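Here is the structure we will look at.
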Amino acid sequence: RRSLYIAKGSRNSQNRSMKPSVNSIQDIKGQVIELTWSYVIWWELSYKENRARFKEVLQTYPNYFEAVRRSMEQGFCVTAYRLFDMDGRVTSLLKLAQNLKNSDGVLAQQLTSRIDSHKTLLKKIQLIRQNVYGHRNEKLSPTDAYKKVKIKPTEMKTILLLVQETAAALAEAAGVQSKDSLLERFRHCESNAKDEAIHILQVLEGRNSTQ
């Protein structure tokens with residue numbers, strides 16, 4: 001199995017240093033938006049107050065909403081893993097940050113150091129992806145894998161913020177979009193996904209009350 005996180009000084013960090021290309025930034029932006037949607041929708045369907053508020057709706061359509069909730073959880077873990085993967089075929093945040101070494105050494109150091117400070121948390125994502133979504137461990141059920149990793153919603157949000165901040169900094173370094181404007185776009189994505197998820201639940205709640 002390849003490692004999710006490769007420390008500075010590894011063979012992969014010796015790739016030709018350069019600013020991220022426009023195409024790589026656009027690809028990263030799309031992945032970060034998907035990660036944002038996945039987290040927000042998963043959270044709205046998992047948050048205990050929403051589950052209590054929309055209990056009747058969730059009980060009326062249990063298969064649909066549980067499938068959506070689990071799919072969003074899977075989407076979050078798989079996308080987060082990919083964004084920090086150092087496989088040479090993958091466009092990852094860490095690889096793009098390391099490649100800034102010659103063009104902007106200070107920013108490269110800031111970004112890689114920040115990612116490095118979260119390596120214990122990122123390891124949890126790696127373990128979930130490898131034991132639940134990428135592969136299945138015959139000695140460890142998916143439920144047991146989650147219990148072993150013990151990743152918390154607050155930790156998932158921390159990963160989301162790390163991803164958004166890093167992607168925005170890289171976009172600005174590439175001259176594609178300012179950091180502030182891209183972060184604002186990510187905030188809009190969060191807000192819209194939340195509003196739409198709650199709206200769907202409210203609509204179904206209204207239908208149930210009229211039947």
Can you give me the C-alpha center-to-center distance between the stretch 155-211 and the stretch 27-65, rounded to a whole angstrom? 12 Å
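For every other residue with a beta carbon closer than 12 angstrom to the beta carbon of residue 183, add +1 if it is Lys or Arg and -1 if Asp or Glu, then tell me the sum.
On the way: positive: 29, 179, 185, 187; negative: 165, 172, 180, 184, 190.
It works out to a net charge of -1.
Could the peptides 101-108, 79-86, 138-145 be put in order, highest first, of the mean number of other beta-carbon atoms found within 10 Å of their residues?
Values: 101-108: 14.5, 79-86: 22.5, 138-145: 11.8.
Per-residue mean Cβ counts within 10 Å order the peptides as 79-86, 101-108, 138-145.
Please state the charge dipole magnitude for the stretch 57-211, taken about the Cα centre, from unit charges on C-beta atoms (+1 on K and R, -1 on D and E), reported in debye and rounded to the nearest 20.
Details: 23 positive and 17 negative charges, 127 e Å.
For the stretch 57-211, the charge dipole is close to 600 debye.
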Can you pull the percent of the chain's accessible area that's carbon plus sulfur, 1.4 Å probe, other chains left in place? 49 percent
The relative contact order of the chain, taking Cα pairs under 8 Å that sit 6 or more residues apart, comes to a percentage of 31 percent
Pop out the ³J(HN,Hα) list for the stretch 177-193 in order, Karplus 6.51 cos²θ - 1.76 cosθ + 1.60 with θ = phi - 60°, rounded to Hz; leave Gly and Pro as x. 6, 5, 4, 5, 5, 6, 4, 5, 5, 4, 5, 5, 4, 4, 4, 5, 5
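Express in nm, to one decimal, how much length is gained between residue 187 and residue 59 on full extension, taking 0.36 nm for each residue of separation and deducting their alpha carbon distance.
That works out to 43.0 nm of additional length.
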So what J values fall out for the stretch 197-208 if you push phi through Karplus, 6.51 cos²θ - 1.76 cosθ + 1.60 with θ = phi - 60°, rounded to Hz, Gly and Pro as x? 4, 5, 4, 4, 5, 5, 4, 5, 5, x, 5, 4
Based on C-alpha coordinates, I'd like the Rg and Dmax of the chain, in Å. 18.9, 65
Could you point to the residue in 209, 117, 60 farthest towards the positive end of the chain's charge dipole, with +1 and -1 charges on the Cβ of Lys/Arg and Asp/Glu respectively? 117
Round to the nearest 10 and give me the degree value, 0 to 90, for the angle of helix 105-117's Cα axis relative to the longest principal axis of the chain. 40 degrees
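The values are calculated or read from the model by the stated rules, or taken from the named source; none is laboratory data. Note that the structure is a prediction, hence the values are computed from the model and not measured. All Cβ positions, even for glycine, are placed from backbone atoms using ideal geometry, and neighbour counts span all protein chains on display. Keep in mind that these areas ignore ligands, DNA and RNA; they rest on the heavy atoms of the full protein, side chains included. Shrake-Rupley method; radii C 1.70, N 1.55, O 1.52, S 1.80 Å.
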